[in-house]
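J.: Following this message is one structure expressed as structure tokens.
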Amino acid sequence: MRPTALALLLALSFIATPLIQAAPASDGPISSAITKALADPARQADAADDARRKIAEVMTFAEVKPGQSVLELAPGSGYWTRVFSAIVGEQGHVYTVWPNEMGKYSAKSLANWQKLVATPHYANVSLLQQPAAQLSAPKPVDLVFTSQNYHDYHDSFMGPVDMAKFDKEVYAALKPGGLFVIIDHVAPAGSGIADTDTLHRIDPAVVKQEVAAAGFVFDGESQALHNPADTHGDKVFDPSIRGHTDQFIYRFRKPAK
């Protein structure tokens, strides 16, 4: 091989190496428990949203397993809850928290939830109604999860909530080594909590800072719901971006010791 050709190949190899290293890491293989849960006939109406909401990737990132206990904050329509229920199974449990303050504005959703927990198919799901500022769980859980609601806890209609105290309550609700997974809409960098009640977005840096202050260790993030086309300047309900906002998915871990 001529020296010039060898030099060219060596140069290309050095260029390719950092490109490979910079590729985003996968959230891991989808477990059979998750695959089975997604096929549950009881959630047939939800299935149309699975690709958009990346539920298989999110559940994998949250490390949900059969037999675990989950505390879900402000479950909304139950999209995530129905999958949690199917994954953890009869030996596990899903505690769903409806803050009293949120229930006032979502009476219909709360009524639907009361019906859901009374359904035999969801015997492993229970409803906890409590003040937003006083989070508690019947027993330590493996996972605390919230989707698109962490920003709400900063708003006046929720109390307001002392977030330092709230995140410590989340910490106390978890078993050693347990996870706190947060999904929320991205606000412009440096905006802090200025947009929580207007655009319904929050600066991811604020979330990291608040949760870490409670004793959690940042354990990774998923890019599954990242949308670079979102300018972060529109209200999340704007038709131009609704359902496709740029969202961060953070995982925090309570130290095992």
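J.: Run Asp230 past the list (1) more than 23 Å from Ala62 (Cβ to Cβ); (2) assigned to a loop (DSSP other than H, G, I, E, B) and report the number of the one that doesn't hold.
T.: Status for Asp230: all satisfied but (1).
J.: Hey, could you check segment 110-136 for residues that are among the polar types (S, T, N, Q) and surrounded by fewer than 17 Cβ atoms within 10 Å (Cβ to Cβ) and say which is farthest from Phe84 (Cα to Cα)? Give the steps one after another, and end with the answer.
T.: Within segment 110-136, the first condition is being among the polar types (S, T, N, Q), and the residues that meet it are 112, 114, 119, 124, 126, 129-130, 134, 136.
Next cut, surrounded by fewer than 17 Cβ atoms within 10 Å (Cβ to Cβ) only: 112, 114, 119, 126, 129-130, 134, 136.
Working: Asn112: 18, Gln114: 17, Thr119: 15, Ser126: 12, Gln129: 19, Gln130: 21, Gln134: 24, Ser136: 19 Å.
The residue in question is Gln134.
J.: Determine, yes or no, whether Val186 is in contact (Cβ under 8 Å) with a residue 24 or more places away in the chain and either touching a Ser or Thr at 6+ places or on another chain (Cβ under 7 Å) or not small (Gly, Ala, Ser) (or both). Before you say what the answer is, go through the steps one by one.
T.: Details: in contact (Cβ under 8 Å) with a residue 24 or more places away in the chain: yes; either touching a Ser or Thr at 6+ places or on another chain (Cβ under 7 Å) or not small (Gly, Ala, Ser) (or both): yes.
Taking the combined requirement at face value, the residue satisfies it.
J.: Now for a separate question. Give just the number: which of (1) of a type outside the set (A, V, I, L, M); (2) in contact with a strand residue (DSSP E or B) (Cβ under 9 Å, 6 or more places away or on another chain); (3) more than 18 Å from Asn149 (Cα to Cα) does Pro75 not satisfy?
T.: Checking Pro75 against (1) of a type outside the set (A, V, I, L, M); (2) in contact with a strand residue (DSSP E or B) (Cβ under 9 Å, 6 or more places away or on another chain); (3) more than 18 Å from Asn149 (Cα to Cα), the one that fails is (3).
J.: Given segment 54-108, what helices (runs of 4 or more DSSP H) lie entirely inside it while holding 1 or more residues that are among the β-branched types (Val, Ile, Thr) and buried (at least 18 other Cβ atoms within 10 Å of the Cβ)? I'd like the intermediate steps shown before the answer.
T.: Details: elements: 55-61, 79-88, 100-103.
Once the helices (runs of 4 or more DSSP H) in segment 54-108 are filtered for at least 1 residues that are among the β-branched types (Val, Ile, Thr) and buried (at least 18 other Cβ atoms within 10 Å of the Cβ), what remains is 55-61, 79-88.
J.: Would segment 161-175 turn up any residue that is aromatic (Phe, Trp, Tyr), out of contact with any helix residue (DSSP H, G or I) (no Cβ under 8 Å at 6 or more places or on another chain) and over 21 Å from Leu135 (Cβ atoms)? Reasoning before the result, please.
T.: First pass over segment 161-175, keeping only residues aromatic (Phe, Trp, Tyr): 166, 171.
Then drop every residue that is not out of contact with any helix residue (DSSP H, G or I) (no Cβ under 8 Å at 6 or more places or on another chain), which leaves 171.
Next, only the ones that are over 21 Å from Leu135 (Cβ atoms) stay: none.
Within segment 161-175, not a single residue is aromatic (Phe, Trp, Tyr), out of contact with any helix residue (DSSP H, G or I) (no Cβ under 8 Å at 6 or more places or on another chain) and over 21 Å from Leu135 (Cβ atoms).
J.: Go through segment 205-220 and count every residue that is surrounded by fewer than 19 Cβ atoms within 10 Å (Cβ to Cβ) and in contact with a strand residue (DSSP E or B) (Cβ under 9 Å, 6 or more places away or on another chain). It would help to see each step written out before you state the result.
T.: Keep residues of segment 205-220 that are surrounded by fewer than 19 Cβ atoms within 10 Å (Cβ to Cβ), which gives 205, 208-209, 212-213, 215, 217-220.
Still in the list and also in contact with a strand residue (DSSP E or B) (Cβ under 9 Å, 6 or more places away or on another chain): 208, 212, 217-220.
Total meeting the criteria: 6.
J.: Still on this model: Would you check which residues across segment 170-204 are closer than 30 Å to His93 by Cβ and surrounded by fewer than 18 Cβ atoms within 10 Å (Cβ to Cβ) and list them?
T.: Answer for segment 170-204, where residues must be closer than 30 Å to His93 by Cβ and surrounded by fewer than 18 Cβ atoms within 10 Å (Cβ to Cβ): Ala172, Lys175, Pro176, Gly177.
J.: For segment 68-115, which positions are more than 25 Å from Ala51 (Cα to Cα), modelled with pLDDT of 95 or more and aliphatic (A, V, I, L, M)?
T.: Val97
J.: Now a separate question. Working only within segment 39-62, note down all residues that are in contact (Cβ under 8 Å) with a residue 40 or more places away in the chain and over 17 Å from Leu225 (Cβ atoms). Break it down stepwise before answering.
T.: So in segment 39-62, the residues in contact (Cβ under 8 Å) with a residue 40 or more places away in the chain come out as 40, 42-43, 52-54, 57-58, 61-62.
Result: Asp40, Ala42, Arg43.
J.: Which residue pairs have Cβ atoms closer than 6 Å, lie 6 or more positions apart in sequence or on different chains, and pair a first residue in segment 78-96 that is touching a residue at least 24 places away in the same chain (Cβ under 8 Å) with a second residue that is surrounded by fewer than 24 Cβ atoms within 10 Å (Cβ to Cβ) and among the basic types (Lys, Arg)?
T.: Close Cβ pairs (under 6 Å, with a partner that is surrounded by fewer than 24 Cβ atoms within 10 Å (Cβ to Cβ) and among the basic types (Lys, Arg)) amount to Arg82/Arg43.
The values are calculated or read from the model by the stated rules, or taken from the named source; none is laboratory data. Small disclaimer: the values here were computed from a predicted structure and weren't measured. In this analysis, Cβ positions are derived from the backbone assuming ideal geometry, glycine residues included, and neighbour counts consider all displayed protein chains.
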